[in-house]
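Structure, as structure tokens:
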Amino acid sequence: MSKTDPDPGTDGVIRAAGLRATAPRRAVFDALQGMPHSRADEIFSRVQSDTDGTSLQSVYNVLGDFVDAGLVRRIEPAGSPGLFEVRIDDNHHHLVCTSCGRVEDVACSVGAAPCLHPVETHGYQIHTAEVTYWGLCSSCAADANPSASQRTL
């Protein structure tokens, strides 16, 4: 299979969401499979050479269609551009490095979705909870305090 051939299941996933499986949609969806937590410009850089006529705006349009159709989740860590991921079918949360911006998935802190039950709902029907943990990734922590990574406990 060449770089421009879509994953055989991609068309079916896109169509099942009620969308046409166009070349830009296939390319964006396939790129997201290998690039979780990506910005639109990163996805555009990955697909532009393989998909003739694709512009950054068309990538934004495809991502918007995917979010609206429930194929993709958009997360917006404070101070960062929107990031997109295809992992949508669970209640996972995110770790964000305050230095380099690296993002990692983390399962719900106690296995179930207790954070979906706030003390007060104010009449809302809650369907999603989004938790973001902020800190330093191991690489940035080691760079910030090189001697700490050399200590033994």
Do any GluC sites (Glu not before Pro) in the stretch 32-126 lie in a loop, going by DSSP, with at most 10 other beta-carbon atoms within 10 Å of their beta carbon, and if so which?
-> Glu120
What ranking of Asp89, Asp11 emerges when the number of other C-beta atoms within 10 Å of each C-beta is taken as an exposure proxy, fewest first?
-> Asp89, Asp11
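Since every read-out is calculated from the coordinates, none of them should be taken as a lab result. No experiment lies behind these values; they were computed from the predicted model shown. Here the Cβ is made from the backbone with ideal geometry for all residues, glycine too, and neighbour counts use every protein chain on show.
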